Each structure stands twice: as C-alpha cells, then as structure tokens.
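Below is one structure, written out as structure tokens; comments come after it.
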Amino acid sequence: GAGVSQSPSNKVTEKGKDVELRCDPISGHTALYWYRQSLGQGLEFLIYFQGNSAPDKSGLPSDRFSAERTGGSVSTLTIQRTQQEDSAVYLCASSLNRQRVFGPGTRLTVL
Amino acid sequence: AQSVSQHNHHVILSEAASLELGCNYSYGGTVNLFWYVQYPGQHLQLLLKYFSGDPLVKGIKGFEAEFIKSKFSFNLRKPSVQWSDTAEYFCAVNGDGGSQGNLIFGKGTKLSVKP
C-alpha cells in the first residue's frame, strides 16, 4: 500500500492478558521501528529492525515486550502479561533512508 | 545519553501571529534533526529535517527551522500561523554515533490557534 498500516486500530484488554500488534510497512522499506506514545510523554523508542541485521532492542521496557519481523516485511509487537502502565498508542514506522513514515498507531488500553 | 527538550507544553496563538517553538538537544556529535507534526486524529508526519548543509531549513506549509550548533538548538518558526496549524509538534534528534533506530523525541508542544 501507499503508507504504513497497523492493526488493530484499537485494542482493549484485561490486565495479565497477552496482546499482539501488527505493522505492515511500506513495500521496499528496509527499516522498521516501533515507538510508544504515552499521554504527555512524547514518543519512546522501543525496537528497530534493519534488513537482516539483528534488531536493536535497546528501547524495550521489559522482557514482557518482544517483536519480530518476518521476511523483512510485516512486524508483530507482542506484550505478554499486560499491565495498566502499558496503555499507550503504539506507533510503527518504516524507512528506506533516514526519513521515517509513521503508521496511524494502535491504541492499547489495559483495564 | 541523547535527550531532547521542548520548553513549551502548550502554546495558544491567534491567527496571523508568529510562531517559534523551542527545541534543544544534548548530544556532542553530529546530529540529524527533525520536526514532526501530528494533526488531530492523524498520523505523525515529517515537517522538515536537517542532515547537513544550510542550517536554515524550509519545510512544508511555510514552516522553517534553524539549526544553531553552538546553542544545541533547532527551533521551529512560522511567520503567520493559521487555524489549520493547530496540532502537536515534536522535535526529534538522531545522533550519527548512535543507533539509526533510536530517534529521540521531545515530549511535544501542543499548538492551539484561535480563529
């Protein structure tokens, strides 16, 4: 497609449940990024994939968070045993050069 | 560690007023600098960027930003704002010495333009 797409757009879950968030990057973009946007906190870097290189996971806040990118395209961010503080908008971006294109985000609410 | 500070949390202006949003970063090496905008209900979009060259960068919709290396600043300006500029603005920095993935964002400045 023309842009980065993410699904679902909204996710409400109960504390302790696992969630999976999906990102479809722009075709041909080699880099993929996940960020978290919390109210009043700006954007927080989570993880970065570049081609076939090992991902930069330095931003993941805990071992409950993981992400994978299959076939150099679609990526899934998984949050295990969700906590209320995980509630945020999770943004995905992709790029071919240093210019990132952001998706619409997934709003996660943990009750 | 790199960090980005946006000094104004919320700016309220009337149409036709001039705008300047402050952005300061902490990183001693070569930096790439960005301003992103998020209009209500829309995606985060790139407004302008600085990689090298002329420190005065012009972006979309009449916005510009000036990189002042000695002040570690990259302030965003627009001579005359419109109601449609109401949005949240994020400054971001990526140091060349760091991971290309780690684009550090400021906490954002919400701009409200009164018609």
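The values are calculated or read from the model by the stated rules, or taken from the named source; none is laboratory data. Because the structure is a prediction, the values reported are computed rather than measured. Neighbour counts run over all protein chains shown; Cβ positions are idealised from the backbone, glycine included.
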Q.
Suppose the filter is crowded, with 16+ Cβ neighbours inside 10 Å, in contact with a strand residue (DSSP E or B) (Cβ under 6 Å, 6 or more places away or on another chain) and more than 9 Å from chain A (Cβ to nearest Cβ); does B:GLY106 pass it?
A. no
Q. Is the stretch B:82-99 home to any residue that is touching a residue at least 24 places away in the same chain (Cβ under 8 Å), within 11 Å of chain A (Cβ to nearest Cβ) and over 15 Å from the mean Cα position of the chain (by Cα)?
A. yes
**Q.** Filtered residues of the stretch A:79-110 (kept if free of Cβ contacts under 8 Å to residues at least 60 places away in the same chain and over 21 Å from B:LEU48 (Cβ atoms))
**A.** A:GLU85, A:ASP86, A:SER87, A:ALA88, A:VAL89
Q.
What's the total number of residues in the stretch B:1-25 that are farther than 21 Å from A:PHE45 by Cα and not in a loop (DSSP other than H, G, I, E, B)?
A. 8
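Have a look at B:LEU76, B:LEU48, B:LEU111, B:LEU56 and point out the one that is surrounded by fewer than 18 Cβ atoms within 10 Å (Cβ to Cβ), in contact with an Asp or Glu (Cβ under 9 Å, 6 or more places away or on another chain) and among the hydrophobic types (A, V, I, L, M, F, W, C). Explain how you work it out, then say what you get.
On the way: B:LEU76 fails: surrounded by fewer than 18 Cβ atoms within 10 Å (Cβ to Cβ); B:LEU48 fails: surrounded by fewer than 18 Cβ atoms within 10 Å (Cβ to Cβ); B:LEU111 fails: surrounded by fewer than 18 Cβ atoms within 10 Å (Cβ to Cβ).
Unique residue meeting the criteria: B:LEU56.
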Q. Can you tell me which of A:GLY59, A:GLY42 is within 12 Å of the chain's Cα centre (by Cα), at pLDDT below 95 and small (Gly, Ala, Ser)?
A. A:GLY59
Q) Applying the selection to the stretch B:49-92, what residues are at pLDDT below 95, touching a Phe, Trp or Tyr at 6+ places or on another chain (Cβ under 7 Å) and of a type in the set (A, V, I, L, M)? A) B:ALA92
Q | Residue satisfying all of: in the stretch A:90-111; away from chain B (no Cβ under 14 Å) and part of a strand (DSSP E or B); nearest to B:PHE34 (Cα to Cα) among these | A | A:LEU108
Q.
Considering only the stretch A:66-79, I want to know if a residue exists there that is out of contact with any helix residue (DSSP H, G or I) (no Cβ under 9 Å at 6 or more places or on another chain), over 21 Å from A:GLY3 (Cα atoms) and not basic (Lys, Arg).
A. yes
